[in-house]
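> The structure follows.
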Amino acid sequence: MRVHDNLMLEVVEKLLALQDRDQRLRNVRMELQAVPNEIASNEKLISDAASRLEASKSRAKTIEVEKKSLAVEADAKRDQINRYKTQQLQTRKNEEYSALAHEIEAAEKLITAIEDKELVLMEEAESLAPAITEAEKNFTSEKSRLNERIVMLKEKSANLTTRITDLEKDRTTATQGIEEELMERYDRLFQTKNARAVVPVEHDVCSGCHMKVTAQTTIALRADKELVSCPQCGRILHLPL
Ligand SMILES: [Zn+2]
């Protein structure tokens with residue numbers, strides 16, 4: 001065996017080690033990129049739950065306001081009825097008396113209608129109260145669960161950032177001994193060929209693009225004198241290790 005045998009294999013092994021770091025880096029960076037969205041979706045769950053709870057509470061307040069205004073309206077009608085009754089006592093005209101009686105009857109009908117509305121609102125308020133209590137309890141536990149998740153995600157983000165720093169150091173180490181021109185070629189392939197710049201030929205097929213390579217390519221690979229590229233996709237090829 002000559003001293004310079006397996007020279008290209010050495011280069012390929014260096015490239016593969018670098019590619020391994022780059023693939024890890026790529027995965028970790030993608031994972032890190034996803035974290036802000038995950039945090040945002042948890043935050044949205046909290047704010048959605050808060051607005052649902054707020055809507056129930058606000059309905060309860062509206063009911064209180066409506067009930068008060070109905071009570072005021074009913075009181076006004078009762079006062080009116082009293083005034084009509086006083087007028088009835090003062091009048092001597094039969095016509096006026098019966099007109100007032102008619103007014104009184106109409107006002108009493110209105111009071112009944114108001115009381116019906118009050119009853120409906122009271123029933124709604126009664127069923128709303130326990131629902132609000134339940135929703136408040138659920139919201140508190142749900143919120144703390146989601147907040148815990150957010151804390152975990154922030155921790156994850158910090159861990160991933162540390163991991164990236166470590167991998168970047170590893171990557172720098174892995175680039176040592178690789179010629180600049182080859183580094184550029186590798187980087188370009190890694191960027192454009194879906195993070196697979198250096199791939200094995202398996203059963204005469206490029207495992208990057210899955211096309212059969214020529215006999216010439218296989219011979220060149222076996223000779224191990226130069227780096228061999230896939231004629232189809234341009235990836236750097238190596239024989240199975
Ligand atoms: Zn190929």
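> So what does log10 I(q)/I(0) come out to for region 1-132 at q = 0.10 Å⁻¹, using the Debye formula with one equal point on every Cα and no solvent?
-0.67
> Here is a further query. Listed highest first by mean packing, meaning other Cβ atoms within 10 Å per residue, what order do 33-45, 99-111 come in?
99-111, 33-45
> OK, next. Of Arg145, Arg83, Arg188, which is the most mobile in a GNM of the chain whose springs link Cα atoms less than 10 angstrom apart?
Its mean-square fluctuation being the largest, the pick is Arg83.
> Another question about this same structure. Given the options Glu96, Glu66, Glu168, state which has the largest fluctuation in a GNM of the chain using a 10 Å cut-off (strictly under) for Cα springs.
In this elastic network of the chain, the residue with the biggest mean-square fluctuation among Glu96, Glu66, Glu168 is Glu96.
> While we're looking at this one, here's another question. So what's the net charge close to Arg163: Lys and Arg +1, Asp and Glu -1, counting the other residues with Cβ under 13 Å from its Cβ?
Here the count lands on +2.
> Same structure, new question: Net charge near Ala107: determine it from the other residues with C-beta under 13 Å of the C-beta of Ala107, scoring Lys and Arg +1 and Asp and Glu -1.
Spelling it out: positives minus negatives among the neighbours equals -2.
> Another one. Could you list the residues of region 131-162 with an amide nitrogen less than 13 Å from a label point located 7 Å from the Cα of Val35 in the Cα-to-C-beta direction?
In region 131-162, the label zone of Val35 (backbone N under 13 Å from the point 7 Å along Cα→Cβ) covers 150-162.
> Just to be sure I understand: if I project the alpha-carbon convex hull of the chain onto a plane and average over all orientations, what area do I get in nm²?
The number I arrive at for the chain is 24.8 nm².
> Something else now. Please find the FRET efficiency linking Glu54 to Glu115, where r is the Cβ-Cβ separation and R0 is fixed at 30 Å, and quote it to the nearest 0.05.
0.50
> Regarding region 87-170, what's the average projected area of the Cα-atom convex hull, expressed in nm²?
With the hull built on Cα positions only, its mean projection is 10.6 nm².
> Would you work out the relative contact order for the chain, in percent, from Cα pairs under 8 angstrom that are 6 or more residues apart?
Rounded, it is 29 percent for the chain.
> Follow-up question, since we're still on this one. For region 189-208 and region 1-77, what is the separation of their Cα centres, given in Å?
Here the two parts' Cα centres lie 34 Å apart.
> Using a cut-off of 12 Å between beta-carbons, work out the net charge of the residues near Ala174 (Lys and Arg +1, Asp and Glu -1, Ala174 not included).
0
> Restricting to the chain, compute how many DSSP beta bridges are antiparallel as a %, nearest 5.
The answer is about 60 percent antiparallel.
> Between the alpha-carbon centers of region 92-106 and region 145-175, tell me the distance in whole angstrom.
Value for the Cα centre distance between the two parts: 86 Å.
> Let me ask something else about it. Give me P(r) over region 179-241, computed from all C-alpha to C-alpha distances, binned every 5 Å, as integer percentages.
Percent of pairs per bin, in order: 4, 20, 31, 24, 16, 5, 0.
> Dipole magnitude of region 27-177 about its Cα centre, charges +1 at Lys/Arg Cβ and -1 at Asp/Glu Cβ only, in debye to the nearest 20?
Using only the charged Cβ atoms, the result is roughly 520 debye.
> Taking only Cα atoms and a 10 Å spring cutoff, compute GNM fluctuations for the chain and point out the largest among Thr161, Thr91, Thr218.
For the chain, modelled as a Gaussian network with Cα springs under 10 Å, the answer is Thr91.
Laboratory data are not the source of any read-out in this text; all were calculated from the coordinates shown. This one's a predicted model, so the numbers in the text were calculated from it and none came from an experiment. Here Cβ is always computed from backbone atoms with ideal geometry, including for glycine, and neighbour counts include all displayed protein chains.
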